[in-house]
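Trainee: Structure below; questions to follow.
None of the figures in this text is laboratory data; all of them are computed from the coordinates on show. Since we're looking at a predicted model, the values are computed, not measured. Every residue, glycine among them, receives a Cβ derived from its backbone with ideal geometry; neighbour counts consider all protein chains shown.
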Amino acid sequence: MQYLDMEENLISVITPSIRPEGLKLVEKALKRQTHTDYEWLVDTSGEKNEGDYWGVYKAYNRLIKKAKGKLIVSWQDWTSADPTALEKFWFHHETEPKTIVGAVGNKYTNDTFTAITWKDPRELDTGAYITCPWMSIELNLASFPTEAFYAVGGFDEYLDKYSSLCGIDVLDRLNNLGGYEFKLDQTIKSYSLEHGRLPLWEENSPFNGPYNERRKVYKEKLSYL
């Protein structure tokens, strides 16, 4: 199914998860949402190819291909949000359909969300809804018009060989493609539980070289979708 065949008024919430115990927090938050016209798609397969560090990019692509909504919300495991999160994402989609919208949020020690372990540096005193650099969109909670993923061919599955990134490749290519805006709605708050990183996380980061080498292929259309 291509995005042109999808349902106009549906949000597809997608959650790739390599630690399924973190899904309970998402499920609880979704059940409280004021916008109830959504589907929740989860991938816990952890599928890897030889040499992969993880399978998150493959999982994202599988979920996108299953999505029936015109708007996709990336909502990662171990993350909660206010009950109006989907309602606000949908409002922005209706008024600015070519916009990628990110939420902001801190990390906490437990689900009382009182003791902060990480403070989100993207929170600014410059207005509730602001234009931002593409690098400021984090996939723990963010919305994308479904067409945007198809426009750039989905996530670069080669990057499953490395840790972190979490969508930088897609956002980078969307920025280069043009036609899309990137904004933060600072009233959409996420609340993530600190759950630690996988072993050898820093050692497997692609930022110091491999990612810049990979960017050379992005002038060509990727075809993961």
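Trainee: At 222 nm, what helix-only mean residue ellipticity would the chain give, in deg cm²/dmol to the nearest 500, using -39500 (n - 2.57) for each DSSP H run of four or more?
Mentor: Values: 6 runs with 52 residues, N = 225.
Taking each H run of at least 4 residues, the total per residue is -6500 deg cm²/dmol.
Trainee: Something else about it: Could you list Trp54, Trp201 so that the one with the fewest beta carbons within 10 Å of its beta carbon is first and the one with the most is last?
Mentor: Numbers: Trp54 20, Trp201 12.
Sorted ascending by nearby Cβ count, the order is Trp201, Trp54.
Trainee: Between Asn106 and Leu225, what FRET efficiency follows from the Cβ-Cβ distance if R0 is 41 Å, with the result rounded to 0.05?
Mentor: Working: r = 33 Å, r/R0 = 0.80.
Here the calculated transfer efficiency is 0.80.
Trainee: Farthest toward the dipole's positive end in region 3-219, which of Tyr191, Leu86, Thr34, given Cβ charges of +1 (Lys, Arg) and -1 (Asp, Glu) about the Cα centre?
Mentor: Tyr191
Trainee: Going through the cross-link list Lys70/Lys98; Lys58/Lys161; Lys28/Lys88; Lys65/Lys219; Lys65/Lys216; Lys28/Lys119, which pairs have a Cα-Cα distance over 20 Å in this structure? Intermediate results must be reported in sequence, preceding the final value.
Mentor: Values: Lys70/Lys98 11 Å; Lys58/Lys161 11 Å; Lys28/Lys88 18 Å; Lys65/Lys219 23 Å; Lys65/Lys216 25 Å; Lys28/Lys119 23 Å.
Beyond 20 Å: Lys65/Lys219; Lys65/Lys216; Lys28/Lys119.
Trainee: Ok, one more. Explain nothing, just compute: Karplus ³J(HN,Hα) = 6.51 cos²θ - 1.76 cosθ + 1.60, θ = phi - 60°, for every residue of region 129-146 in order, whole Hz, x for Gly and Pro.
Mentor: 10, 9, 5, 9, x, 4, 5, 7, 7, 10, 7, 4, 7, 7, 10, 9, x, 4
Trainee: Please list, in chain and number order, the residues 5+ apart from Ser80 or on another chain whose amide H is under 5 Å from its amide H, with Hs placed from the backbone.
Mentor: Long-range HN contacts for Ser80: Tyr191, Ser192, Leu193.
Trainee: What residue among Ala29, Ala148, Ala59 shows peak mean-square fluctuation when the chain is described by a Gaussian network model with Cα springs under 10 Å?
Mentor: Ala29
Trainee: Would you please classify the overall shape of region 7-90 from the alpha carbon gyration tensor, given that a ≥ b ≥ c denote the square roots of the eigenvalues, rounded means a/c under 1.5, and beyond that prolate means a/b larger than b/c while oblate covers the rest?
Mentor: Working: a/c = 2.95, a/b = 1.55, b/c = 1.90.
It comes out oblate by the Cα gyration axes.
Trainee: Classify the chain as rounded, prolate or oblate, taking a ≥ b ≥ c as the square roots of the eigenvalues of its Cα gyration tensor: rounded when a/c is under 1.5, otherwise prolate if a/b is larger than b/c and oblate if not.
Mentor: Details: a/c = 1.31, a/b = 1.09, b/c = 1.20.
It comes out rounded by the Cα gyration axes.
Trainee: For each of Trp40, Trp90, count neighbouring Cβ atoms within 10 Å of the residue's Cβ, then give the residues from fewest to most.
Mentor: Neighbour counts put them in this order, fewest first: Trp40, Trp90.
Trainee: Under the 0.36 nm per residue contour assumption, what length would be gained going from the current alpha-carbon distance of Arg19 and Asn49 to full extension?
Mentor: Numbers: separation 30, 0.36 × 30 = 10.80 nm, distance 1.85 nm.
Separation in residues times 0.36 nm, less the Cα-Cα distance, equals 9.0 nm.
Trainee: Once amide H atoms are built 1.01 Å from N in the peptide plane, which residues 5 or more positions from Asp156, or in another chain, come under 5 Å H to H?
Mentor: HN-HN under 5 Å from Asp156: Val170.
Trainee: Rank by packing, highest mean first: peptides 100-110, 17-27, with packing defined as the count of other Cβ atoms within 10 Å averaged across residues.
Mentor: Details: 100-110: 20.5, 17-27: 15.5.
My ranking of the peptides, most packed first, is 100-110, 17-27.
Trainee: While we're looking at this one, here's another question. Quote the charge dipole size of the chain about the Cα centre in Debye, to the nearest 20; the model charges only the Cβ of Lys and Arg (+1) and of Asp and Glu (-1). Let's see the in-between values first.
Mentor: Details: 27 positive and 34 negative charges, 28 e Å.
Here the chain has a charge dipole of around 140 debye.
Trainee: Separate question: When Ser136, Ser192 are ordered from fewest to most other Cβ atoms inside 10 Å of their Cβ, what list results?
Mentor: On the way: Ser136 18, Ser192 24.
The fewest-first ordering by Cβ neighbours comes to Ser136, Ser192.
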